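Novice: For reference, the structure I am asking about is given below.
The values are calculated or read from the model by the stated rules, or taken from the named source; none is laboratory data. Worth saying up front: this structure is predicted, and the values here are computed from it rather than measured. Virtual Cβ from ideal backbone geometry, glycine too; neighbours counted across all protein chains shown.
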């Protein structure tokens, strides 16, 4: 087994959240450190403008106001280039921050890139994952291989909001 075949490192509650600065859909830098003092939902998704990722982003947008009132910001990370994120945001009227990680460095740091099952086959790609980062920048909750449909509703229930 080579290093690239190894399962990704998985983050757990209490781990420091890997810091990052990535460009958003407009090319502006977004840094996790800028959100210190607030909790942040960092979610990793495979590709903009695909059915599951659209469902998840639309659900996060619908819940964004309630989550913000509860002190939670939302940052979605995918390997898509900023131009594609902009098309995604405009087409689906998304009201959440989406950032671009084409080198997959941040996705790897979060353990959200590596081997996964897709239609019964093992492939290497983005593992749909969601993290809640506390106000001090530590992982409060890490969820890997989440389902796109119903995920935001479950997250809201887990946070005592739904």
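Novice: Only one of (1) farther than 26 Å from residue 14 by Cβ; (2) buried (at least 16 other Cβ atoms within 10 Å of the Cβ) is not met by residue 107, so which one is it?
Specialist: (1) is the only condition that residue 107 fails.
Novice: Also: Would you check if residue 71 is touching a residue at least 12 places away in the same chain (Cβ under 8 Å), touching a strand residue (DSSP E or B) at 6+ places or on another chain (Cβ under 6 Å) and farther than 18 Å from residue 148 by Cα?
Specialist: On the way: touching a residue at least 12 places away in the same chain (Cβ under 8 Å): yes; touching a strand residue (DSSP E or B) at 6+ places or on another chain (Cβ under 6 Å): yes; farther than 18 Å from residue 148 by Cα: yes.
The answer is yes for residue 71.
Novice: Further, regarding this structure: Looking at residue 94 and the list (1) in a loop (DSSP other than H, G, I, E, B); (2) at pLDDT below 95, which single condition is not satisfied?
Specialist: Checking residue 94 against (1) in a loop (DSSP other than H, G, I, E, B); (2) at pLDDT below 95, the one that fails is (2).
Novice: Conditions first: (1) in a helix (DSSP H, G or I); (2) over 22 Å from residue 160 (Cα atoms); (3) touching a helix residue (DSSP H, G or I) at 6+ places or on another chain (Cβ under 6 Å). Residue 83 passes all but one, so which condition is the exception?
Specialist: (3)
Novice: Give 46, 18, 23 a once-over and let me know the one that is more than 17 Å from residue 80 (Cα to Cα) and under 16 Å from the mean Cα position of the chain (by Cα). Lay out the reasoning, then the answer.
Specialist: Details: 46 fails: more than 17 Å from residue 80 (Cα to Cα); 23 fails: more than 17 Å from residue 80 (Cα to Cα).
So the residue among 46, 18, 23 that is more than 17 Å from residue 80 (Cα to Cα) and under 16 Å from the mean Cα position of the chain (by Cα) is 18.
Novice: Tally the residues that are outside any loop (DSSP other than H, G, I, E, B) and either more than 12 Å from the chain's Cα centre (by Cα) or crowded, with 20+ Cβ neighbours inside 10 Å (or both), restricting the search to segment 110-150.
Specialist: Count: 22.
Novice: When you go through 49, 11, 22 one by one, which is the residue that is crowded, with 19+ Cβ neighbours inside 10 Å and part of a loop (DSSP other than H, G, I, E, B)? Step through it out loud before you land on a result.
Specialist: Values: 49 fails: crowded, with 19+ Cβ neighbours inside 10 Å; 22 fails: part of a loop (DSSP other than H, G, I, E, B).
The match here is 11.
Novice: With the condition kept exactly as written, say whether any residue in segment 54-63 is assigned to a helix (DSSP H, G or I) and either farther than 15 Å from residue 151 by Cβ or out of contact with any helix residue (DSSP H, G or I) (no Cβ under 9 Å at 6 or more places or on another chain) (or both). I'd like the intermediate steps shown before the answer.
Specialist: The initial filter retains those residues of segment 54-63 that are assigned to a helix (DSSP H, G or I), namely 54-63.
Add one more test, that the residue is either farther than 15 Å from residue 151 by Cβ or out of contact with any helix residue (DSSP H, G or I) (no Cβ under 9 Å at 6 or more places or on another chain) (or both), and what stays is none.
So far as segment 54-63 goes, no, none of its residues is assigned to a helix (DSSP H, G or I) and either farther than 15 Å from residue 151 by Cβ or out of contact with any helix residue (DSSP H, G or I) (no Cβ under 9 Å at 6 or more places or on another chain) (or both).
Novice: Then there is this: Do we have residue 89 as over 20 Å from residue 154 (Cβ atoms), surrounded by fewer than 19 Cβ atoms within 10 Å (Cβ to Cβ) and touching a strand residue (DSSP E or B) at 6+ places or on another chain (Cβ under 8 Å) here?
Specialist: On the way: over 20 Å from residue 154 (Cβ atoms): yes; surrounded by fewer than 19 Cβ atoms within 10 Å (Cβ to Cβ): no; touching a strand residue (DSSP E or B) at 6+ places or on another chain (Cβ under 8 Å): yes.
No.
Novice: Quickly run through segment 25-46 and pick out the residues that are in a loop (DSSP other than H, G, I, E, B), out of contact with any strand residue (DSSP E or B) (no Cβ under 7 Å at 6 or more places or on another chain) and more than 14 Å from residue 89 (Cα to Cα).
Specialist: Quick first cut of segment 25-46, residues in a loop (DSSP other than H, G, I, E, B) only: 25-28, 36-38, 45-46.
Add one more test, that the residue is out of contact with any strand residue (DSSP E or B) (no Cβ under 7 Å at 6 or more places or on another chain), and what stays is 26-28, 36-37.
28, 36, 37, listed by residue number.
Novice: Identify, please: which residue in segment 151-162 is free of Cβ contacts under 8 Å to residues at least 60 places away in the same chain and outside any loop (DSSP other than H, G, I, E, B) and is, among those, nearest to the chain's Cα centre (by Cα)? So that I can check it myself, show each step before the final result.
Specialist: Here is the first cut: in segment 151-162, the ones free of Cβ contacts under 8 Å to residues at least 60 places away in the same chain are 154, 157-158, 160, 162.
If we keep only those that are outside any loop (DSSP other than H, G, I, E, B) as well, we get 154, 157-158.
Numbers: 154: 15, 157: 18, 158: 17 Å.
It comes out as 154.
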